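The block underneath contains the structure these notes are about, expressed in structure tokens.
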Amino acid sequence: MENMREMLRSSLGRSLETLPAFDRLSAAWQVACGPALARHGVPTRLEEEVLWIEVSDKAWMEQLLGMRAVLQHELARIAEVKLGGIHFVLTKLRRNDR
């Protein structure tokens with residue numbers, strides 16, 4: 001199963017090559033986090049190699065903060081983009097936006 005995940009990650013990286021860096025990272029977000037976690041955070045911008053993520057609530061913020069280093073590594077690897085950091089911002093996402 002892990003080999004299949006790795007193949008999908010590599011395939012996604014190659015398919016995103018022509019997109020701008022932010023779009024590549026946004027697409028990689030779902031894969032790096034998994035669908036459950038990705039529903040509670042939304043990439044909003046890339047500024048000076050820092051990806052900004054809006055997080056739905058405090059509990060999910062704590063979860064994402066604990067995974068920051070792993071997520072940064074995975075996002076950079078999947079999207080093939082230099083990523084200097086991830087900045088999480090607490091916000092209330094409306095249900096109909098998801």
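Derivation of every value follows stated rules applied to the coordinates shown; laboratory data play no part. These numbers were taken from a predicted model, which means no experiment stands behind them. Note that each Cβ is placed from the backbone with ideal geometry, even for glycine, and that neighbours are counted across all protein chains shown.
Summarising the amide proton neighbourhood of Phe88: residues at separation of 5 or more, or on other chains, whose placed amide H is nearer than 5 Å comprise Ile53.
Work out the FRET efficiency for Thr44 and Thr18 from their Cβ-Cβ distance, taking R0 = 30 Å, and round it to the nearest 0.05.
On the way: r = 22 Å, r/R0 = 0.73.
Efficiency, rounded to the nearest 0.05: 0.85.
Each residue of the range 43-51 was assigned a 3J(HN,Hα) from its phi angle through the Karplus curve 6.51 cos²θ - 1.76 cosθ + 1.60 (θ = phi - 60°); the sequence is x, 10, 6, 10, 9, 6, 6, 10, 8 Hz, with glycine and proline shown as x. For GluC sites (Glu not before Pro), the sites in the range 17-53 that DSSP calls loop and that have at most 12 other Cβ atoms within 10 Å are Glu17, Glu48, Glu49.
Classify the range 18-82 as rounded, prolate or oblate from the Cα gyration tensor: take a ≥ b ≥ c as the square roots of its eigenvalues, call it rounded if a/c is under 1.5, otherwise prolate when a/b beats b/c and oblate if not. Judged from the Cα gyration tensor, the range 18-82 comes out prolate (a/c at least 1.5, a/b above b/c).
Taking amide H as placed 1.01 Å from N in the peptide plane, the amide H of Arg39 sits under 5 Å from none that are at least 5 places away or on another chain.
Among 29-36, 70-77, how do they line up by average Cβ neighbours within 10 Å per residue, starting with the highest? Numbers along the way, then the final one.
Values: 29-36: 15.1, 70-77: 17.4.
Put in order of decreasing packing, that is 70-77, 29-36.
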